[in-house]
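Let me begin by presenting the structure, written as structure tokens, before commenting on it.
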Amino acid sequence: YDVTYRWIAVDECDNRDTVMQTFTVNPDTTPPSLLNINDITINTSTDFCGIHVDSVAGPIFEEDCSMFSLVRNYTDTIYPMGLTMVSWTATNSCGQDSTVIQEVTVEDNILPVIICKDATAGLTADPQNYVYTSSFVASASDNCSVESIEVRRLTAACDDPSNNVFGDSIHICCEDIG
């Protein structure tokens with residue numbers, strides 16, 4: 001489209017001269033340009049197994065002619081554990097757009113919390129005396145989930161070489177008494 005300006009010059013004696021000037025306004029044909037995008041690896045939140053979408057920085061675009069909108073294709077509010085591919089599209093007011101893909105990887109590097117209780121084990125005449133994890137653990141929690149709880153002895157005992165391997169119980173015997 002064209003825009004026409006009319007310029008009028010007037011001197012102190014009221015003499016006038018008029019000039020017309022026409023500008024052609026061309027639509028913006030250049031999409032927004034990407035300045036920066038970072039694939040990101042981030043830890044889960046401390047209180048749930050994922051990260052809020054708003055906690056992750058998106059790409060930076062630049063547009064030289066008009067305003068632009070930035071939209072991501074991921075509409076959930078939380079990125080889950082693992083890899084999520086996020087498509088970001090910047091569109092200017094003339095409909096030109098530019099799209100990039102960002103990799104968001106969420107990892108669980110937060111240790112579970114385990115609270116132990118005091119335990120007393122009694123021996124019987126049976127040489128197969130076992131104490132199970134439920135005898136030792138008061139509670140266990142994690143921001144994602146507690147997959148398993150296992151116990152082990154620090155040294156092998158009771159002629160049982162597997163006794164210092166993690167499992168659901170430990171073997172106790174008379175050698176432990178003293």
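Descriptive notes on the structure:
- Complete set of residues in region 74-104 that are open to solvent by 80 Å² or more (accessible area, probe 1.4 Å), at pLDDT 95 or above and of a type in the set (G, A, S): none
- Residue in region 105-147 that is surrounded by the most Cβ atoms within 10 Å (Cβ to Cβ), counting only those that are farther than 30 Å from T44 by Cβ and among the β-branched types (V, I, T): V131
- Residues satisfying the stated conditions in region 148-167, i.e. open to solvent by less than 80 Å² (accessible area, probe 1.4 Å), assigned to a loop (DSSP other than H, G, I, E, B) and either aromatic (F, W, Y) or touching a strand residue (DSSP E or B) at 6+ places or on another chain (Cβ under 6 Å) (or both): I149, R153, C158
- Test: residue in region 21-34 that is without any contact (Cβ under 8 Å) to a residue 60 or more places away in the chain and closer than 28 Å to I110 by Cα: no
Residue by residue, here is whether (1) of a type outside the set (S, T, N, Q); (2) more than 30 Å from D39 (Cβ to Cβ) holds:
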| residue | (1), (2) |
| --- | --- |
| M67 | yes, no |
| T77 | no, no |
| A121 | yes, yes |
| A125 | yes, yes |
| N129 | no, yes |
| V137 | yes, yes |
| D142 | yes, no |
| A156 | yes, yes |
| D159 | yes, yes |
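- Scanning region 58-73 for residues that are open to solvent by 70 Å² or more (accessible area, probe 1.4 Å) and not in a strand (DSSP E or B) gives D64, C65, M67, N73.
- Residues of region 1-38 that are under 24 Å from T91 (Cα atoms) and of a type in the set (S, T, Y): Y1, T24, T29, T30, S33.
- Assessment of region 21-40 against the conditions (touching a Lys or Arg at 6+ places or on another chain (Cβ under 9 Å), of a type outside the set (D, E) and either under 30 Å from S145 (Cα atoms) or modelled with pLDDT under 90 (or both)) yields no matching residue.
- Of the strands (runs of 3 or more DSSP E) lying entirely inside region 74-133, those containing at least 1 residues that are in contact (Cβ under 8 Å) with a residue 12 or more places away in the chain and closer than 30 Å to D176 by Cβ are 113-116, 129-132.
- Taken as a whole, region 53-71 holds at least one residue that is in contact (Cβ under 8 Å) with a residue 24 or more places away in the chain and within 18 Å of N143 (Cβ to Cβ).
- Of all residues in region 6-51 being part of a strand (DSSP E or B), surrounded by fewer than 10 Cβ atoms within 10 Å (Cβ to Cβ) and hydroxyl-bearing (S, T, Y), the one that is nearest to the chain's Cα centre (by Cα): T24
The values are calculated or read from the model by the stated rules, or taken from the named source; none is laboratory data. Just so it is clear, the model here is predicted, and its values are computed rather than measured. All Cβ positions, glycine included, derive from the backbone under ideal geometry; neighbour counts span all protein chains shown. These accessible areas exclude ligands, DNA and RNA; they are computed on the full protein's heavy atoms, side chains included. Shrake-Rupley method; radii C 1.70, N 1.55, O 1.52, S 1.80 Å.
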